[in-house]
Amino acid sequence: MTKHTIHLGDWATLGSDATAIRFEVFVDEQKVPAEIELDDMDAVCLHAVAYDEAGKAIGTGRLLPDGHIGRMAVRQPGRGTGVGGAILTLLMDKARARGDAAVVLNAQTVAAPFYARHGFVQAGDVFEEAGIAHVEMRLEF
């Protein structure tokens, strides 16, 4: 387990670090078109950014006003260290605390087992988003 700290905040506060992580993971690694990576929802989301011991931003995720969790991304050096699970758990806790009945996310099919370990269940069939197979997953509180 790598030591990390997670900061919660708005886009004005965490957007530059979140953008750097998302572009490295989604645009560079996974070839998601850059023009669809950022959207108007960023401005109204609660963002989480994890930092390693050296202060480098290594993971991110966001919680939308409607209870969706999205843009979960962890840079290569942080994968397998528990940072993704810590971000997910924190965003789930924030959704529960504000009274959301459930959280929903669109998981890449390769990441579905990760979300299942955190209590999410598949809802619906596989679909394609940005050329990548996804599945909707839900967790009822």
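The values are calculated or read from the model by the stated rules, or taken from the named source; none is laboratory data. If you're wondering where the values come from, they're calculated on a predicted model, not measured in any experiment. Note: ideal-geometry Cβ built from the backbone for every residue, glycine included; neighbour counts use all protein chains shown. Heavy atoms of the whole protein, side chains included, go into the accessibility calculation; ligands, DNA and RNA do not. Shrake-Rupley method; radii C 1.70, N 1.55, O 1.52, S 1.80 Å.
In segment 35-56, the residues that are closer than 23 Å to A86 by Cβ reach residues that are crowded, with 18+ Cβ neighbours inside 10 Å and among the acidic types (D, E) with C-beta atoms within less than 6 angstrom, at least six apart or across chains, in these pairs: V49/D17. On the stretch given as segment 23-35, residues that are closer than 19 Å to I58 by Cβ and open to solvent by 70 Å² or more (accessible area, probe 1.4 Å) total 2.
Taken over segment 3-22, the criterion of being open to solvent by 60 Å² or more (accessible area, probe 1.4 Å) and not basic (K, R) is satisfied by T5, H7, L8, D10, W11, A12, T13, S16. Among the residues making up segment 96-133, those that are under 14 Å from the mean Cα position of the chain (by Cα) and closer than 23 Å to E29 by Cα are L105, N106, A107, Q108, A111, A112, F114, Y115.
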